[in-house]
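The values are calculated or read from the model by the stated rules, or taken from the named source; none is laboratory data. Everything quoted here is computed from the prediction, not taken from an experiment. Neighbour counts are summed over all protein chains in view; Cβ atoms, including those assigned to glycine, are modelled from backbone coordinates with ideal geometry.
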Amino acid sequence: MTQPDILFIVLDTQRADRLGCYGYQRPTSPNLDQFADRAVVFEQAIAPAQWTIPSHASMFTGLYPTAHQVTQSNQMLGADVPHLVETLGKMGYETVGFCNNPLVGVLDNGFQRGFEQFYVYGGAFPERPHFRPDSKLSSLREQGQRLMHRIAHPIQNFFGRSELAFSISLHAWLTPLWANFINFKGQNERSVGDLVHYLERRDANTAETEQPLFLFLNLMETHLPFYPPQRFVDQMAPYMREETAARHAQAQWNKEAYRWAAPLPDGLNETEARVLSDLYDAEVAYQDSYLGRLLDYLRQRPNADNTLTIIVGDHGDSLGEHNYFGHAFTAYQELIHVPLIMDWPAQFEPGERIATPVSTRRVFHTMISAAGRLPAESTLSSTEVRALSLAEVVRGRDVEAGTAYAEIYPPQLRPRHRTPHPRPHRTISMPRHAPCHRARQPQTHPIRRRPR
């Protein structure tokens, strides 16, 4: 069998329990639900960490955070750590990324390594693909875009590695600046449109389609601040048009970013709880509306049957449960239980649901195993990669026996002032059960930090 095309979609801050395919009763995700009906749904997928950087690092390396040691925004994946994109590139894949999260697409943390093309939609100066025929005007625009990106890049990285700058950015008067001008949530709908256009152009060129394709897409729609289009607000929170208190709650929470991570001693009041929950649903519904365009196109692609599509959440979000908001400090199910849906028509029967708990770090092994023979210079074990592939769980064989870990690393713990001490044990978190076991820590890799 020829190597499959691989599409890796990360839904940032997406809770599993707010999707219809995971039992939610509100119509937030009709397109994703339809996709899930013909795919494999992992009902108990557990994120390896509760926020973006350590969770993405786990999915890009197949390692738990204690092993890859990238738990903060001023840390970098070590060159000796196997990297998903670099490995696929050595296996013959064309590698292309469309990223809306600046923590993944802008910071110098090693996530962008191995991409032949990487388009960033978050940050002060997004970099989009240019589809128009070459012209002097488009060439000048592209050069200007690259220049502005080079100027802005060190400034944006400074906010990623400076705790003082990060703390200052949380002040209410600065939040609208970085949320809007600095494009914190990216341009999600536009990135999906660009990705579809990229696929259409590539599929029309038969010479290009001879090479297998790896595509990465990160969407940030469900992350605060919440500004869904009005039609989705009307669908999920129609009272917002009439209730001044509801609109005030939205405005207050959208600008007071420091509250996104702090504990809530008194919890949310009734209006806040209703507004934030409903606006989150509105963002989920908006995301689903344009994600549907991509999912529809995937079904009609020439290589549709031999395309592995993985849709996964990097972490969830607290919406006031347990007197917490956001995703900084806790490991409750709202944060670590995420969607994981996998489609590969040539290999999997449609409509299967897997109740076995699995770690989402195993998407790494799944994609590498699907791509075929490892490159000769790889330090990965082909036996281990194959055994940890989620395809084996679908076939009824799980070497981890339903065990999944979630490790909690609050952002900005001044790691540059601490000596990392990998722990020999972990606590196991199992769905519907309290933490109940301890297990040995696997092989670790040395930490890497960017020079100050």
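Scan L103, L107 and give me the residue that is in a helix (DSSP H, G or I), in contact with a helix residue (DSSP H, G or I) (Cβ under 6 Å, 6 or more places away or on another chain), within 27 Å of T222 (Cβ to Cβ) and among the aliphatic types (A, V, I, L, M).
Values: L107 fails: in a helix (DSSP H, G or I).
The match here is L103.
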Original post:
For Q300, are the conditions met, namely being farther than 22 Å from A404 by Cα and among the polar types (S, T, N, Q)?
Top reply: yes
Original post:
What residue, of V81, V85, is in contact with a Ser or Thr (Cβ under 6 Å, 6 or more places away or on another chain), part of a loop (DSSP other than H, G, I, E, B) and of a type in the set (V, I, T)?
Top reply: V81
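Among the helices (runs of 4 or more DSSP H) contained in the range 140-247, which hold 2 or more residues that are touching a strand residue (DSSP E or B) at 6+ places or on another chain (Cβ under 9 Å) and at pLDDT 55 or above? Spell out how you get there, then give the answer.
Numbers: elements: 163-169, 188-204, 230-236.
The qualifying helices (runs of 4 or more DSSP H) are 188-204.
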**OP:** Kindly provide the set of residues from the range 219-251 that are under 20 Å from L291 (Cβ atoms) and hydroxyl-bearing (S, T, Y), ordered by number.
**Re:** T222, Y227
**OP:** Return yes when S73 is closer than 23 Å to Q287 by Cα and under 19 Å from the mean Cα position of the chain (by Cα) and no when it is not.
**Re:** no
Subject >> Among (1) in contact with a Ser or Thr (Cβ under 8 Å, 6 or more places away or on another chain); (2) at pLDDT 95 or above; (3) polar (S, T, N, Q), the one test that T330 misses >> reply: (2)
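Which residues, counting only those in the range 8-38, are among the aliphatic types (A, V, I, L, M) and either buried (at least 23 other Cβ atoms within 10 Å of the Cβ) or in contact with a helix residue (DSSP H, G or I) (Cβ under 7 Å, 6 or more places away or on another chain) (or both)? Walk me through it before giving the result.
From the range 8-38, those among the aliphatic types (A, V, I, L, M) are 9-11, 16, 19, 32, 36; that's our starting set.
Residues satisfying the conditions are V10, L11, A16, L19, L32, A36.
Look at A404 and say whether it is buried (at least 17 other Cβ atoms within 10 Å of the Cβ), touching a Ser or Thr at 6+ places or on another chain (Cβ under 8 Å), modelled with pLDDT of 55 or more and closer than 22 Å to I53 by Cα.
Against the criterion (buried (at least 17 other Cβ atoms within 10 Å of the Cβ), touching a Ser or Thr at 6+ places or on another chain (Cβ under 8 Å), modelled with pLDDT of 55 or more and closer than 22 Å to I53 by Cα), A404 qualifies.
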Original post:
Which one of these is surrounded by fewer than 20 Cβ atoms within 10 Å (Cβ to Cβ), in a loop (DSSP other than H, G, I, E, B), at pLDDT 80 or above and basic (K, R): R113, R132?
Top reply: R113
Original post:
Consider V284 against the criteria (1) touching a Pro at 6+ places or on another chain (Cβ under 7 Å); (2) within 29 Å of S359 (Cα to Cα); (3) not acidic (D, E): it satisfies all of them except one. Which criterion is unmet?
Top reply: (1)
